[in-house]
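Okay, structure first, notes after.
Every number here is computed from the coordinates shown, using simple stated rules; none is lab data. Everything quoted here is computed from the prediction, not taken from an experiment. Quick reminder, even Gly has a Cβ in these numbers, built from the backbone with ideal geometry, and neighbours come from all protein chains shown.
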Amino acid sequence: MTKRVAILLSGGGSNMVSLVDSMTGDHPGRPCLVLSNNPGAGGLDKAAARGIATAAVDHRPFKGNRPAFEEELIKALDAANPDIICLAGFMRVLTERFIGHYEGRMLNIHPSLLPKYKGLNTHARALEAGDAEHGCSVHEVTLKLDDGPLLGQARVPILDGDTPNKLAERVLVQEHKLYPAVLKRFATGDRSPVFYP
Ligand code: GRF
């Protein structure tokens with residue numbers, strides 16, 4: 001049976017585009033909703049242009065009340081009846097209530113070779129550490145931030161003269177390959193990780 005895939009984002013949505021564009025033909029998933037905490041997110045326009053249902057729950061009026069914000073997010077998501085939820089540049093920390101509600105069916109992409117560099121500024125941190133390589137990871141979302149069972153990882157070499165921006169661009173190219181590959185596998189019920197290269 002086709003899996004309904006909802007995608008959450010906060011910004012430009014390039015990962016969302018790569019996921020949506022991959023869900024054609026014999027792919028087991030189809031997009032059912034693109035949801036943002038940012039009504040001005042460029043990703044919402046890109047989704048709408050692709051004929052996908054979109055919604056926004058602005059987090060700002062809920063300042064200081066994360067549970068109330070999450071209840072609205074849950075309402076919007078559950079109305080679309082998703083089987084799988086993909087976080088794709090969704091920049092809000094989620095609580096136990098939200099994560100528990102979607103346990104076992106929520107994925108996230110993070111721009112580092114987890115367990116290294118959870119949180120923000122991952123590219124600069126990899127450069128500062130003098131690492132030889134960097135990359136991105138897709139994992140199942142559990143209660144610990146940027147943690148949970150690994151579902152895929154793609155590596156890129158760090159080059160002489162790299163800056164955080166240059167490195168981020170090369171990692172993003174890999175994100176756009178890795179996330180669709182993991183989603184396709186996950187949607188068939190296969191949780192074995194994908195590794196690139
Ligand atoms: C990506 O680097 C993703 O790994 C991170 O946020 C960025 C989102 O980019 N969590 P986009 O909105 O998908 O273009």
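Suppose the filter is within 16 Å of the ligand (Cβ to nearest atom), touching a residue at least 40 places away in the same chain (Cβ under 8 Å) and among the small types (Gly, Ala, Ser); does Ala56 pass it? It is false that Ala56 is within 16 Å of the ligand (Cβ to nearest atom), touching a residue at least 40 places away in the same chain (Cβ under 8 Å) and among the small types (Gly, Ala, Ser).
Name the single residue that is farthest from the ligand (Cβ to nearest atom) among those in segment 19-52 being surrounded by fewer than 21 Cβ atoms within 10 Å (Cβ to Cβ) and among the small types (Gly, Ala, Ser). This residue is Gly25.
Could you please find all residues in segment 88-136 being farther than 24 Å from Gly161 by Cα and within 10 Å of the chain's Cα centre (by Cα)? The answer is Ala88, Gly89, Phe90, Met91, Met106, Leu107, Asn108, Ile109. Mind checking whether some residue in segment 80-93 is aromatic (Phe, Trp, Tyr) and touching a residue at least 24 places away in the same chain (Cβ under 8 Å)? Yes; the residues of segment 80-93 include at least one that is aromatic (Phe, Trp, Tyr) and touching a residue at least 24 places away in the same chain (Cβ under 8 Å).
On inspection, Ile85 qualifies as under 15 Å from the mean Cα position of the chain (by Cα), under 26 Å from Val138 (Cβ atoms) and of a type outside the set (Lys, Arg). Beta carbons closer than 8 Å, at least 6 apart along the sequence or on distinct chains, pair a first residue in segment 162-175 that is touching a residue at least 60 places away in the same chain (Cβ under 8 Å) and under 10 Å from Cys136 (Cβ atoms) with a second that is surrounded by 15 or more Cβ atoms within 10 Å (Cβ to Cβ) and among the β-branched types (Val, Ile, Thr) for Val171/Val156; Glu175/Ile109. Looking at (1) more than 12 Å from the ligand (Cβ to nearest atom); (2) free of Cβ contacts under 8 Å to residues at least 60 places away in the same chain; (3) not basic (Lys, Arg), which one does Thr188 not meet, given that it meets all the others? That leaves (2) as the condition not met. Based on what the data block shows, is Ala126 within 24 Å of Val20 (Cβ to Cβ), within 14 Å of the ligand (Cβ to nearest atom) and of a type in the set (Gly, Ala, Ser)? For Ala126, the condition - within 24 Å of Val20 (Cβ to Cβ), within 14 Å of the ligand (Cβ to nearest atom) and of a type in the set (Gly, Ala, Ser) - is not met.
Among the residues making up segment 57-87, those that are surrounded by 20 or more Cβ atoms within 10 Å (Cβ to Cβ) and outside any loop (DSSP other than H, G, I, E, B) are Phe69, Glu70, Leu73, Leu77, Ile84, Ile85, Cys86, Leu87. Going through (1) surrounded by fewer than 20 Cβ atoms within 10 Å (Cβ to Cβ); (2) touching a residue at least 24 places away in the same chain (Cβ under 8 Å); (3) assigned to a loop (DSSP other than H, G, I, E, B) one by one, Ser112 falls short only on (1).
For segment 124-146, the criterion of being in contact (Cβ under 8 Å) with a residue 60 or more places away in the chain and over 21 Å from Gly13 (Cα atoms) is met by none of the residues.
Can you pull out every residue in segment 1-14 that is in contact with a helix residue (DSSP H, G or I) (Cβ under 7 Å, 6 or more places away or on another chain), surrounded by 23 or more Cβ atoms within 10 Å (Cβ to Cβ) and closer than 14 Å to Asp45 by Cα? Within segment 1-14, Ile7, Leu9, Gly13 qualify. If you check Arg50 against the conditions, is it more than 20 Å from Asn108 (Cβ to Cβ), in contact with a strand residue (DSSP E or B) (Cβ under 9 Å, 6 or more places away or on another chain) and of a type in the set (Lys, Arg)? In short, yes. For segment 124-150, filtered to residues that are buried (at least 16 other Cβ atoms within 10 Å of the Cβ) and of a type in the set (A, V, I, L, M, F, W, C), the residue that is nearest to Gly100 (Cα to Cα) is Val141.
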